[in-house]
Amino acid sequence: MKAPAAASPRKSVPDRSAPIMRGERPLVVYERLRDLIVHGHLAPGSRLVESDVASRLGVSRTPVRGALQRLQQEGYIVDPSGGRLARPTVAPLTSEDCRELFHIVAEIEGLSGRWAAGLPAAERRALARTLRAINADFRREAEVRRPDFNRLHDLDTTFHRTYVEAGAGRRLLALHTTIKPQAERYERLYLSLLVSDLQTSAAEHEAIAAAIERGNADAAQRAVQTNWRNAAERLERVIDRAGERGSW
């Protein structure tokens with residue numbers, strides 16, 4: 001796989017303006033609902049009523065039912081009653097859930113980093129240059145007096161996605177696409193409380209880029225895992241201070 005020549009941050013807010021056309025599959029409804037959850041437009045602990053969701057999205061209840069079932073299977077929503085999926089709620093943000101998610105992402109991205117370090121030398125060098133350029137923008141934004149947290153989040157997401165796409169195969173990339181947005185919920189909500197840790201995160205990013213550039217697969221995998229495991233610890237401390245969201 002070739003490393004991208006350049007990378008730019010993804011949009012902070014998903015495009016939800018286009019109507020869902022009649023006959024579209026539940027996948028479209030699933031993606032819309034997942035975006036609303038990830039970006040905080042459906043808050044942790046919010047109840048999801050099937051008929052209300054269908055009305056909001058302008059679709060029948062059938063694709064909504066399928067989307068809710070998939071979101072529950074993936075952990076975006078929960079059914080506190082343990083019964084039928086009639087009154088599901090958006091999954092709360094908790095220290096325990098954060099730890100599990102971030103450690104899962106650490107393993108998935110760790111493999112991606114390992115395989116990215118196995119690319120031909122010219123591709124590794126190009127990938128490392130791209131990663132360092134993104135990380136330099138991340139570091140500069142973190143240093144300003146009033147950083148743009150949406151931009152910081154997008155730069156961090158782009159940094160990680162760049163080496164994942166360079167190293168991961170089809171199956172691993174599919175796993176990453178499913179799991180990573182769940183971790184993103186925590187990043188978006190608590191990032192403003194992690195300002196003092198951003199330079200540490202940038203240093204961990206540099207360790208990832210350096211290991212990939214050298215072609216050291218073991219070091220690249222460890223560097224990625226370290227970054228995510230440390231991020232989990234940093235977030236857990238913040239959650240302990242600021243409180244969990246959506247948990248009663």
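The values are calculated or read from the model by the stated rules, or taken from the named source; none is laboratory data. Bear in mind that the values here come from a model prediction, so they are computed numbers and not experimental data. FYI the Cβ positions are ideal-geometry reconstructions off the backbone, even for glycines, and counts take in every protein chain you see. Please note that ligands, DNA and RNA were not included when accessible areas were found on the heavy atoms of the full protein model with its side chains. Shrake-Rupley method; radii C 1.70, N 1.55, O 1.52, S 1.80 Å.
Key figures
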item	result
Some residue of the stretch 69-81 being within 18 Å of Ala217 (Cα to Cα) and crowded, with 17+ Cβ neighbours inside 10 Å	no
Selection count where residues are touching a Pro at 6+ places or on another chain (Cβ under 8 Å) and modelled with pLDDT of 95 or more, scope the stretch 93-126	0
Pro14 vs. criteria under 17 Å from Arg185 (Cα atoms) and modelled with pLDDT of 90 or more	no
Glu109 part of a helix (DSSP H, G or I), open to solvent by 30 Å² or more (accessible area, probe 1.4 Å) and farther than 21 Å from His39 by Cβ	no
Test result for Val64, over 20 Å from Thr177 (Cα atoms), at pLDDT 90 or above, open to solvent by less than 40 Å² (accessible area, probe 1.4 Å) and touching a Leu at 6+ places or on another chain (Cβ under 9 Å)	yes
Candidate set from the stretch 208-248 (those that are surrounded by fewer than 17 Cβ atoms within 10 Å (Cβ to Cβ) and of a type in the set (A, V, I, L, M, F, W, C)); member that is nearest to Tyr186 (Cα to Cα)	Ala242
Any helices (runs of 4 or more DSSP H) falling wholly within the stretch 151-248 and containing at least 3 residues that are within 30 Å of Gln73 (Cβ to Cβ) and over 17 Å from the mean Cα position of the chain (by Cα)	217-242
Residues (under 11 Å from Glu213 (Cα atoms) and either in a helix (DSSP H, G or I) or open to solvent by 10 Å² or more (accessible area, probe 1.4 Å) (or both)) located in the stretch 115-125	Ala116, Gly118, Leu119, Pro120, Ala121, Ala122, Glu123, Arg124, Arg125
Selection status of Arg171, of a type outside the set (A, V, I, L, M), farther than 21 Å from Arg140 by Cα and without any contact (Cβ under 8 Å) to a residue 40 or more places away in the chain	yes
Any hit, the stretch 239-247, residues being touching a Lys or Arg at 6+ places or on another chain (Cβ under 8 Å) and either of a type outside the set (S, T, N, Q) or closer than 24 Å to Ala126 by Cβ (or both)	no
Filter result for the condition that a residue is among the small types (Gly, Ala, Ser), open to solvent by 10 Å² or more (accessible area, probe 1.4 Å) and more than 23 Å from Val38 (Cβ to Cβ), over Ala166, Ala142, Ala136, Ala128	Ala136
Members of the stretch 195-223 found to be under 14 Å from Gly167 (Cα atoms) and aliphatic (A, V, I, L, M), listed by number	Ile208, Ala209, Ala211, Ile212, Ala217, Ala220
Selection within the stretch 87-106 - within 13 Å of the chain's Cα centre (by Cα) and open to solvent by 40 Å² or more (accessible area, probe 1.4 Å)	His103, Ile104
